[in-house]
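The values are calculated or read from the model by the stated rules, or taken from the named source; none is laboratory data. Treat the numbers as computed from the prediction; the structure is a model and nothing was measured. Every residue, glycine as well, gets a Cβ built from its backbone with ideal geometry; the counts of neighbours run over all protein chains shown. Accessible surface areas use protein heavy atoms only, side chains included; no ligands, DNA or RNA. Shrake-Rupley method; radii C 1.70, N 1.55, O 1.52, S 1.80 Å.
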Amino acid sequence: MTAYIVSYDLSQPGQNYEKVLQTIKSHSSWARLGGSAYIVISNESAVEIRDKILRELDTNDKLYVGVVEAPAAWYGMGDEVSDWLKKNL
């Protein structure tokens with residue numbers, strides 16, 4: 001299992017992007033870092049995760065998927081997310 005950061009920028013306001021969130025949250029474990037940034041735990045590769053999410057995006061949207069591993073540092077995430085990060089990284 002690998003931890004990946006998933007960050008996206010959806011260009012069209014007012015569109016329903018529930019499928020994007022459903023795809024991100026479909027991984028074995030996930031945490032929202034804030035805004036449109038998540039960390040997911042998955043057996044899939046970054047390319048596989050990207051391709052699954054890409055099906056739900058428009059051509060002018062942006063998406064980044066990359067490996068996250070310890071050591072890592074953060075600030076202002078709150079106890080729930082901080083505990084998740086400590087446990088999963």
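Miscellaneous remarks
- Note on segment 46-73: residues that are more than 21 Å from Val20 (Cβ to Cβ) and touching a residue at least 24 places away in the same chain (Cβ under 8 Å) amount to 1.
Conditions tested, residue by residue: (1) among the hydrophobic types (A, V, I, L, M, F, W, C); (2) more than 10 Å from the chain's Cα centre (by Cα); (3) open to solvent by 50 Å² or more (accessible area, probe 1.4 Å).
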site: Ala3; (1), (2), (3): yes, no, no
site: Leu10; (1), (2), (3): yes, yes, no
site: Thr59; (1), (2), (3): no, yes, yes
site: Gly76; (1), (2), (3): no, yes, yes
site: Glu80; (1), (2), (3): no, yes, yes
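- Positions within segment 41-51 being within 12 Å of the chain's Cα centre (by Cα) and not small (Gly, Ala, Ser), in sequence order: Ile41, Ile49, Arg50
- Flag for Tyr4 being hydroxyl-bearing (Ser, Thr, Tyr) and more than 22 Å from Asn88 (Cα to Cα): no
- Scan of segment 33-53 for residues that are crowded, with 16+ Cβ neighbours inside 10 Å and touching a strand residue (DSSP E or B) at 6+ places or on another chain (Cβ under 7 Å), ordered by number: Leu33, Ser36, Tyr38, Ile39, Val40, Ile41, Ser42, Ala46, Ile49, Arg50, Ile53
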